[in-house]
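Asker: Below you will find the structure I want to go over with you.
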Amino acid sequence: MLVWERPEPPERPAPGPLSREAIVRAAIRLADADGLDAVSLRKVAGALDVGPMRLYGYIDTKEELLDLMVDAVYAGIRADGDGWREVLRSHAEAVRRAVHRHEWLADLIGGRPQLGPNTLAGGDAVLAGLSGIDLDVVVPAVAAVNAYVIGAVRREIGERRAERVSGLDQRQWQAAYGPYLQRTFATGRFPAVASMVRDGPHLTAGETFRLGLEFLLDGIAARISGGGSTPR
């Protein structure tokens, strides 16, 4: 029986009350502070001031705990808006905000089944927002948006982590690597890249995310209009 269906053990008043919700909250606090490496059943038990064995009445493995953590975050991710485009856009932006609040989420989304009740409710809301469109379009469209969001937020978080490791902000990075790029581009070997760097738009991470998402939504809109499906 999966953790979503397994009942919690009866409450024990001593040495302290415990629940899956309390365990998950403690695990999320640890992960927010120090990343997923800081999350183990032993460390979570320590944060709750209980013995590690007490947790096994509620959670069998660390993998179950990670699943519960992801689903707890998805409780705050909801798609809304009028029409399929706004629903997909709001869902994508909500996932991005959640990853920025919980950096560790970037390491878990997309790489494991998401079957918890909050995650399923979020997916149901997205699909409901696309009702009236042929499922042959809806299924790949939702998959494409999810793949875009996962890739984009993982890149953002990867860049944020690299910046922390290097100790260089964007201006310092440019000062460190700019001369090398200038010398390299002066050889004429990479004209397209040189043109992009010199003349292309320099967008923030948020602007890049939203513009790329609009390109994707434009493609979905073209497929919907070309396929004869009628969105709400």
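Asker: When you look at ALA141, is it under 21 Å from MET69 (Cβ atoms) and modelled with pLDDT of 95 or more, yes or no?
Answerer: no
Asker: How many residues are outside any helix (DSSP H, G or I) and over 21 Å from HIS102 (Cβ atoms) if we restrict to region 28-56?
Answerer: 4
Asker: Let me ask something else about it. Residues that are under 22 Å from LEU36 (Cβ atoms): which helices (runs of 4 or more DSSP H) entirely in region 95-211 hold 1 or more of them?
Answerer: It comes to 117-129, 135-166.
Asker: Taking PRO7 as meeting all but one of (1) out of contact with any Ser or Thr (no Cβ under 7 Å at 6 or more places or on another chain); (2) modelled with pLDDT of 85 or more, write down the number of the exception.
Answerer: Answer for PRO7: the failing condition is (2).
Matching residues to (1) at positive phi; (2) loosely packed, with under 13 Cβ neighbours inside 10 Å; (3) within 14 Å of the chain's Cα centre (by Cα):
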| position | (1), (2), (3) |
| --- | --- |
| LEU2 | no, yes, no |
| VAL24 | no, no, no |
| ALA31 | no, no, no |
| GLY51 | no, yes, no |
| ASP82 | no, yes, no |
| SER90 | no, no, yes |
| LEU108 | no, no, yes |
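Asker: Which pairs do you get when a residue that is closer than 17 Å to LEU68 by Cα and of a type in the set (S, T, N, Q), found in region 32-51, comes within reach of a residue that is modelled with pLDDT under 95 and surrounded by 13 or more Cβ atoms within 10 Å (Cβ to Cβ), reach meaning Cβ atoms under 8 angstrom, with the pair 6+ apart or on two chains?
Answerer: SER40/LYS62
Asker: Here's something else I'd like to know. Of the residues ARG25, ARG85, which single one is under 30 Å from LEU211 (Cβ atoms), assigned to a helix (DSSP H, G or I) and of a type in the set (D, E, K, R)?
Answerer: It is ARG85.
Asker: Go through region 110-164 and give me each residue that's among the β-branched types (Val, Ile, Thr) and either surrounded by fewer than 18 Cβ atoms within 10 Å (Cβ to Cβ) or more than 26 Å from MET1 (Cβ to Cβ) (or both).
Answerer: VAL126, ILE133, VAL137, VAL138, VAL139, VAL142, VAL145, VAL149, ILE150, VAL153, ILE157
Asker: While we're on this one: Among (1) of a type in the set (A, V, I, L, M, F, W, C); (2) farther than 30 Å from SER225 by Cβ; (3) in a helix (DSSP H, G or I), there is one condition ILE59 misses while meeting the rest; what is its number?
Answerer: (3)
The values are calculated or read from the model by the stated rules, or taken from the named source; none is laboratory data. The model shown is predicted, which means the values in this text are computed figures rather than measured ones. Glycine also receives a Cβ, built like all others from the backbone with ideal geometry; neighbour counts cover every protein chain displayed.
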